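Written out below as structure tokens is the structure these notes cover.
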Amino acid sequence: MTVESTHAPFDLRDLTPVTRGAAGDGRRVVLADACGSGLDLLVEPSSGTLAVTARSRPLARHRALRLVTPGRTELLWRAALLQYPTLWWGGVRGDVPLHVSAAQVRGQGVVLAGPGGVGKSTLLAGLGREDGTPVSDNLCTYDGEQLNALPEPRRVEGATVGSGHRRMPHGRVEQPWDSRQDSIVPTLVVVLRRGTGDRAALRAIPPAVAARALVTGTYAAGELRRYWAFAATLALGTGLGPAHPAIVSGAERLARSVPCVEVVLPGRPVASLAELVDLAVGVGRHPAAAEQTEPLEPLELSPLAVPGPPLTRARP
């Protein structure tokens, strides 16, 4: 990836229109104002590598956005320069993007699924060094064997840290990771959702339910809403990769390969990720528990950050 200092447009004389805002010649594609970032990109696949050349060409609206919400500008640049080209190049090789958090926890390759704001990052932030290592807070690719991180700083609630950190949307700030690993072999899928009660509950779920959560969480992610057009344009302009990532089949393959559990959280998180995984592993070994309708049995767990009601699980 190269960012050039010139603000001149790329030379399009030998290129033909691919779609509005994009031109190519079958080998390379130029994207104007890629992802609404104010960056023009020249994308060139060659000899097993992907070269991305960028030129900043901001309009008045881009300058205004940077003044009003600088965090969003940082996210748009990161997506256009690094994340989306990486996701697309992975797609050329058969990987699929997933909006999940992931960690190695007490020997388990844990995938946390669910929509944005459900609590994935909060659980990951509470993971102690003695219990495991984070992989990704937000975006991954799945190649059928491993879940691979798309590296970026972790995001935590702004009220929990001091000043001096880059502010992001939704009241969060970015922090560097203390430690992180690049990938995991998944062994457990944990689907998170919020409930209305004062207790959390945990149960085994069938693969189809977990796959649906993986798929819907990915399509609902704001971080990826500009990606689908980006990937389709490059596929059209280069003839490489799928017109659309095989997210449904990838999610189904992942969910069928490992135990899947659902955790319904109350208003406040009440358990560490490590303790939750210990419980989930036991429940996941007995899928029939998902069909039980008997009363939930309370389990006392250590509080996460603040005291709260206990977690519960279906009595086997």
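Just so you know, all these numbers are worked out from the coordinates, no wet-lab data involved. Owing to the predicted nature of the structure, the values given are computational and were not obtained by experimental measurement. Ideal geometry is used to build each Cβ from the backbone, glycine not excepted, and the neighbour counts take in all protein chains shown.
Inter-label distance, LEU240 to TYR219: 2.8 nm, where each label sits 7 Å from its Cα along the C-beta direction.
Quick one: divide the alpha-carbon radius of gyration of segment 1-70 by 2.2 N^0.38 Å and tell me what you get.
On the way: Rg = 13.1 Å, N = 70, 2.2 N^0.38 = 11.1 Å.
Rg over 2.2 N^0.38 Å, computed on Cα atoms: 1.18.
Working from Cα pairs under 8 Å separated by at least six residues, relative contact order for segment 34-76 is 36 percent. Relative contact order for segment 1-58 using alpha-carbon pairs under 8 Å, separation at least 6, rounded to a whole percent? Value for segment 1-58: 37 percent.
Need one number: convex hull volume per residue for segment 1-122, Cα atoms only, in Å³.
On the way: hull volume 20.0 nm³, N = 122.
Dividing the Cα hull volume of segment 1-122 by its residues yields 164 Å³.
FRET efficiency for the pair LEU59 and SER257, taken as 1/(1 + (r/R0)^6) with r the Cβ-Cβ distance and R0 = 41 Å, rounds to 0.30. One Cα centroid belongs to segment 86-147, the other to segment 185-242; the line between them spans 11 Å. Between ALA201 and VAL3, the simple label model (points 7 Å from Cα in the Cβ direction) yields a spacing of 4.9 nm.
Model label points for VAL185 and THR133, set 7 angstrom from Cα along the Cα-to-Cβ axis, are 1.5 nm apart. Under the combined filter of DSSP loop state and at most 16 neighbouring Cβ atoms within 10 Å, segment 1-101 retains these trypsin sites (Lys or Arg not before Pro): ARG13, ARG20, ARG27, ARG93. The gain in end-to-end length when the ASP25 to ARG193 segment is fully stretched comes to 55.9 nm, 0.36 nm per residue minus the alpha carbon separation.
Going through segment 214-278, which trypsin sites (Lys or Arg not before Pro) have at most 14 other Cβ atoms within 10 Å and a DSSP loop state?
Values: sites: ARG225, ARG226, ARG253, ARG256; in loops: ARG225, ARG226.
Qualifying residues, ordered by number: ARG225.
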